[in-house]
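Notes follow once the structure below has been shown.
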Amino acid sequence: MKGSTKVANKIFRNFFLWIRSKEFLVFLFFLIVSGFFWGMLAIKEPAEMEMDVIVRLVGKPKSVVVTDIWSDTMKVTVRDKGYNLIGYYFDKVNPIDIRFLSYAKEEGKIVVSNSELTKLLKKNLKRSTEILVVKPEKLEAYYNYGDAKTVKVVFNGEIKEADRYFITNTKITPDSVKVYATKAQLGIIDSVMTQYLRITDISKSETRKVYLKKISGVSCVPNVVTVEVNADVRRDASTEVPIEAINVPDSLTLHFSPKSVTVLYVTGASNIEAISSEDFKVVADYKDIERGMASDKIPLKLNSYPALVKRPRLANDRVEYSIEKR
């Protein structure tokens, strides 16, 4: 009796599972069908879509150098039926070709207006597609026929050594580049700057690649340089420098007491042996006496010092003097 009951229960469970499975399959079938019809209705409705379109400059003569040009991809927002937009998704829009001779101007500039871009785009789109937004609104490029000159590269940024260290030198490689631009621009460009670079807490050699700062209508070759910064242990140092008289009339001689002054400075440990008192120049200007700026003592000025030192200063900024007639 128990065995027959177990068999009956098993048959009932299997039948119930079969019913459940059948119900699920029917539900799934109707879900797919409804989804299909919903999708068909949806793709017939107008919708918007943003897409990338490649823009190329074609037909450029070999003698022409393009110094600045638009991004090779522009953003276009369009409106159309859903099934047309799906077509754009799977089959990309053909590139837009900007013919050099059609848009080049004598002043070395190419301008493609928004209306012109829209006309060119329409040729590559379906007739029903409406163009809503084009970014950028217009395209600009600059060119010349090989006009160029070589200019210096100037570092733009902040370099700061770590505590108890000293920046011995900063080297840019290459230190000059060739710039292509219009003749008017070449007449005023005497240097180019790097993009802003900040390096702090330097205690050893650092090397960075950095792009040159962009100038509209100008092309730099190369457009990237290497900045090398070298650091050394900081040392406080000093040297005795003789005082030199300047602007003294030929009939007079200027004497100082003392005849030299101590110059204090900071440098790297490896530079100390390379620095001598001859690398500094301390002067006393006779014109300061004529201006009434020297009573019993004349002011001193540090006129020059080597690039290997920082924060140079005079231990005494005035000394006693006497004037002798020849």
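Could you give the radius of gyration (one decimal) and Dmax (whole number) of the Cα atoms in the stretch 78-204, in Å?
When restricted to the Cα atoms of the stretch 78-204, Rg and Dmax are 24.0, 72 Å.
Using the Kirkwood radius over Cα pairs, work out the Stokes-Einstein diffusion coefficient for the stretch 287-326 at 20 °C and 1.002 mPa s, in µm²/s as a whole number.
Approximately 175 µm²/s, per Stokes-Einstein.
How much of the accessible area of the chain, probe 1.4 Å, is carbon plus sulfur, in whole percent?
That fraction is 53 percent.
Run the numbers for Val248 and Asp296: contour at 0.36 nm per residue of separation, minus the present Cα-Cα distance, in nm.
So the chain would gain 15.6 nm between Val248 and Asp296.
Per the Kirkwood formula on distinct C-alpha pairs, the Rh of the stretch 183-326 is how many angstrom?
The answer is 19.2 Å.
I'd like the chymotrypsin sites (Phe, Trp or Tyr not before Pro) in the stretch 127-166 restricted to DSSP loop residues with at most 11 other Cβ atoms within 10 Å, sorted by number.
When the chymotrypsin sites (Phe, Trp or Tyr not before Pro) of the stretch 127-166 are filtered for loop state and at most 11 Cβ neighbours within 10 Å, Tyr145 remain.
Which helices pass in the chain if a helix is a full DSSP H run, must span at least 15 angstrom along its long axis by Cα, and must have mean Kyte-Doolittle hydropathy not below -0.5?
2-43
Taking the alpha carbon gyration tensor of the stretch 141-259, what are the square roots of 5 times its eigenvalues, largest first, to the nearest whole Å?
40, 27, 9
Considering the chain as a Gaussian network with a 10 Å cut-off on Cα pairs, which listed residue, Lys287, Lys105, Lys126, attains the greatest mean-square fluctuation?
Of Lys287, Lys105, Lys126, the most mobile in the Gaussian network model is Lys287.
Rounded to whole Å and ordered largest first, report the semi-axes of the equivalent ellipsoid of the chain derived from its Cα gyration tensor (root of 5λ).
Working: eigenvalues 1227, 270, 48 Å².
Largest first, the chain gives 78, 37, 15 Å.
With unit charges on the beta carbons (Lys and Arg positive, Asp and Glu negative) and the dipole taken about the Cα centre of the stretch 147-217, which residue among Thr170, Ser191, Phe155 sits farthest to the positive side?
Farthest along the dipole direction, towards plus: Ser191.
Per residue, how much accessible area does the stretch 67-120 show when a 1.4 Å probe rolls over the protein heavy atoms, in square angstrom?
On the way: 3090 Å² over 54 residues.
It amounts to 57 Å² per residue over the stretch 67-120.
At a Cα cut-off below 16 Å, give the aspartates and glutamates reachable from Lys297, other chains included and same-chain residues fewer than 8 away excluded.
Glu244, Asp285, Asp288, Asp317, Glu320, Glu324
In square angstrom, what is the accessible area per residue of the stretch 182-326 with a 1.4 angstrom probe?
Per-residue value: 60 Å².
The values are calculated or read from the model by the stated rules, or taken from the named source; none is laboratory data. It should be emphasised that the depicted structure is a prediction, and the values quoted were computed from it without experimental measurement. Here the Cβ is made from the backbone with ideal geometry for all residues, glycine too, and neighbour counts use every protein chain on show. Please note that ligands, DNA and RNA were not included when accessible areas were found on the heavy atoms of the full protein model with its side chains. Shrake-Rupley method; radii C 1.70, N 1.55, O 1.52, S 1.80 Å.
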